[in-house]
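Below: the structure, in structure tokens.
Just so it is clear, none of the values below were taken in a lab; they were calculated from the coordinates. Treat the numbers as computed from the prediction; the structure is a model and nothing was measured. All Cβ positions, even for glycine, are placed from backbone atoms using ideal geometry, and neighbour counts span all protein chains on display.
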Amino acid sequence: MTTQEIVQRLWALCHVLRDDGITYHEYVTELTYILFLKMAKETGTEAQLPGGHRWDDLTAQQGVEQLDFYRTLLIHLGSNGSTLVKAIFANAATALRQPKNLAKLVSDIDRLDWYSARTEGLGDLYEGLLERNATETKSGAGQYFTPRPLIESIVSLVQPQAGEVIQDPAAGTGGFLISADRFIKAATDDLFDLPEAAQRFQRREAFWGMELVPDTHRLLLMNAMLHGIEGDQLVLGDTLSAEGASLPKADVILTNPPFGTKKGGGRPSRQDFTFPTSNKQLAFLEHVYRGLKPGGRAAVVVPDNVLFEEGVGAQIRADLMDKCDLHTILRLPTGIFYAQGVKTNVLFFTRGPAARDTGNTERVWVHDLRANMPSFGKRTPLTRAHFAAFEAAFGADPHGRAERTDEGERGRFRCFGREEIRWRSDNLDIAWLRDESAGRHEELPEPEEIAAEIMAKLREAMEEMEALSEALAAASEEAVA
């Protein structure tokens, strides 16, 4: 069986979960608990699990006793076993209510072709499951999942190297870190070309990440483990708080920060930020360019408002172009992310030398991959081939210093000097191609996609209201005190 076929089998089990009242966004978390036990057995790593709480112990039970044992097992693993086990099972609980459904999940997972799964790669299998979940609009998981063709293109251009510290401050399910690890392993014969100390560094110290959402953090840890990334550097926390300031300086930062404002409209509680703002993307951008080592490079996915927002937005862009060489902007096509209509870009930049914190950007190259492009989605999936022309124009230098050609007003790749950008009030929302598709009738998304977008906006609004209410209550208590 291929990885795709196994993923399809696993996803079919979600119907069993649905019959037990489990919602789409809980599917992969619920499967992760059971898959972890099974994969630990298949990979010979059960020693990290406490005795009596392993796969064979679960399969030895039946009926109500099996479900009761499973509930107890989840609680026990949250405080026993290896550091990784305790992190993945922290506050774990099952939503399963019917013993027959747990029995079917366990038996069907046990019957999968695990020989083929190990041959194809358990990490690729789990990545496939995450991707399948992200494309299911009802799950709402797309907001944590950057399209893999985009990630692969970015990583191939930034070229992470063995020995570098690589960070994602909004790690999600770990797509950027996994892809960077895969890129390095491909260049080092799966790390065998490296000395033993360097191999240990790659497995345990090279990759750093922070994720705010607990359930997503579980998926991140599981994904990293199955790809051979160890250590305790993938942490649960808020990058826009003091926790984020504790992340070490990095040689490479690759990230797709969350969209929207900080909960409750509050500003990030980072003492090291010069330009405080409630706009999360701008705050993450400030974290990234301040978090790079001298000469370090970054690629950050940001929505259009980061390119044109005035006030603090303009100050952050100017500071970025002073401290870093913002050499390339990729205008991404619409429809490639979870929220319909969101227009995004990738900023590629290199931190200046230690002794030079001003004037590092002399010119900015912009590649327009948005105008006159198809609307991507289920009908027209995004592939790596769509980035081929951009990758060729970008060139082989990860710092953007390869020889480049300005394609003129009719081309997709153009160069703009720093003075011209300053004349634009540091507005980087630069477009010159007439979008011939803008006036045509756009095919409406599927009804379930529209519904999923509405639900996502409602969830975000509710979170904002709850956080604002908590902030007001706290302020009221302080006033009374």
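What number comes out for the charge environment of Glu205, summing +1 per Lys or Arg and -1 per Asp or Glu over other residues with Cβ under 14 Å away?
Charge balance in the 14 Å sphere: -2.
Which whole-Hz ³J(HN,Hα) couplings does the range 356-366 yield from phi under the Karplus relation 6.51 cos²θ - 1.76 cosθ + 1.60, θ = phi - 60°, glycine and proline marked x?
Here the 3J(HN,Hα) series is 9, 10, 9, x, 7, 9, 9, 7, 10, 9, 10 Hz.
Counting only Cα atoms, I'd like the Rg/Rh figure for the range 301-372, Kirkwood definition for Rh.
Reported Rg/Rh, Kirkwood definition of Rh: 1.03.
What are the extents of the Cα atoms of the range 1-114 along their three principal axes, in Å, largest first?
Computed over the range 1-114, the largest-to-smallest principal extents equal 31, 31, 27 Å.
Normalise the Debye intensity by I(0) for the chain, one equal point scatterer per Cα, no solvent, then take log10 at q = 0.07, 0.08, 0.09 Å⁻¹ and round to two decimals.
Values, matching the q order: -0.39, -0.51, -0.65.
Pull out the extension gain between Glu403 and Lys343, defined as 0.36 nm times the separation in residues minus the alpha carbon to alpha carbon distance; nm, one decimal.
18.7 nm
Provide the packing ranking of 287-298, 73-84, i.e. peptides ordered by the mean count of other C-beta atoms within 10 Å per residue, highest first. Show your work: numbers first, answer last.
On the way: 287-298: 21.5, 73-84: 16.5.
Most protected by this proxy first, the peptides run 287-298, 73-84.
How many angstrom separate the Cα center of the range 84-111 from the Cα center of the range 1-62?
6 Å
Here is the link list: Lys280/Lys343; Lys323/Lys343; Lys249/Lys323; Lys38/Lys185. Which ones come out longer than 21 Å on Cα distance?
In this structure, Lys323/Lys343; Lys38/Lys185 lie more than 21 Å apart at Cα.
Could you work out the per residue convex hull volume over the alpha carbons of the range 33-97, in cubic angstrom?
On the way: hull volume 4.8 nm³, N = 65.
It comes to 74 Å³ per residue, whole-number rounded.
Take the Cα gyration tensor of the range 270-324, multiply each eigenvalue by 5, square-root it, and list the three semi-axes largest first, rounded to whole angstrom. Walk me through the numbers before you get to the answer.
On the way: eigenvalues 57, 32, 23 Å².
Its equivalent ellipsoid spans semi-axes of 17, 13, 11 Å.
Out of the chymotrypsin sites (Phe, Trp or Tyr not before Pro) in the range 177-247, which ones are loop residues according to DSSP with at most 12 other C-beta atoms within 10 Å?
Here the chymotrypsin sites (Phe, Trp or Tyr not before Pro) that fit, given the DSSP loop and packing criteria, are Phe192.
According to the Cα gyration tensor, what semi-axes, each the square root of 5 times an eigenvalue, does the equivalent ellipsoid of the range 75-134 have, listed from largest to smallest in whole Å? Before the final figure, lay out the partial values.
On the way: eigenvalues 104, 68, 33 Å².
Those come to 23, 18, 13 Å.
If amide H atoms are built 1.01 Å from N in the plane of the peptide, which residues on other chains or at least 5 residues away come under 5 Å of the amide H of Asn345?
It is Val302, Leu332, by chain and number.
What value, in deg cm²/dmol to 500, does the helix sum -39500 (n - 2.57) over DSSP H runs of n ≥ 4 give at 222 nm once divided by the residues of the chain?
Using -39500 (n - 2.57) per qualifying helix, the result is -13500 deg cm²/dmol.
Between Ala60 and Ala388, take the C-beta separation as r, use R0 = 56 Å, and let me know the FRET efficiency to the nearest 0.05.
After rounding, the FRET efficiency stands at 0.60.
Which percentage, to the nearest 5, of the DSSP beta bridges contained in the chain is antiparallel? Intermediate results must be reported in sequence, preceding the final value.
Working: 20 of 37 bridges.
About 55 percent, rounded to the nearest 5.
Cβ under 14 Å from Gly44's Cβ, Gly44 left aside: what net charge do those residues give with Lys, Arg +1 and Asp, Glu -1?
My count for the surroundings of Gly44 gives +1.
Counting pairs of alpha carbon atoms under 8 Å apart in space and at least six apart in sequence, what relative contact order in percent does the range 58-214 give? Kindly include the intermediate steps, with their values, before the conclusion.
On the way: 126 pairs, mean separation 23.7, N = 157.
Rounded, it is 15 percent for the range 58-214.
If packing is taken as the mean number of other Cβ atoms within 10 Å per residue, what is the order of 319-332, 375-388, highest first?
Averaged packing, sorted descending, gives the order 319-332, 375-388.
Can you give the relative contact order of the chain as a percent, counting alpha carbon pairs under 8 Å and 6+ residues apart?
It rounds to 12 percent for the chain.
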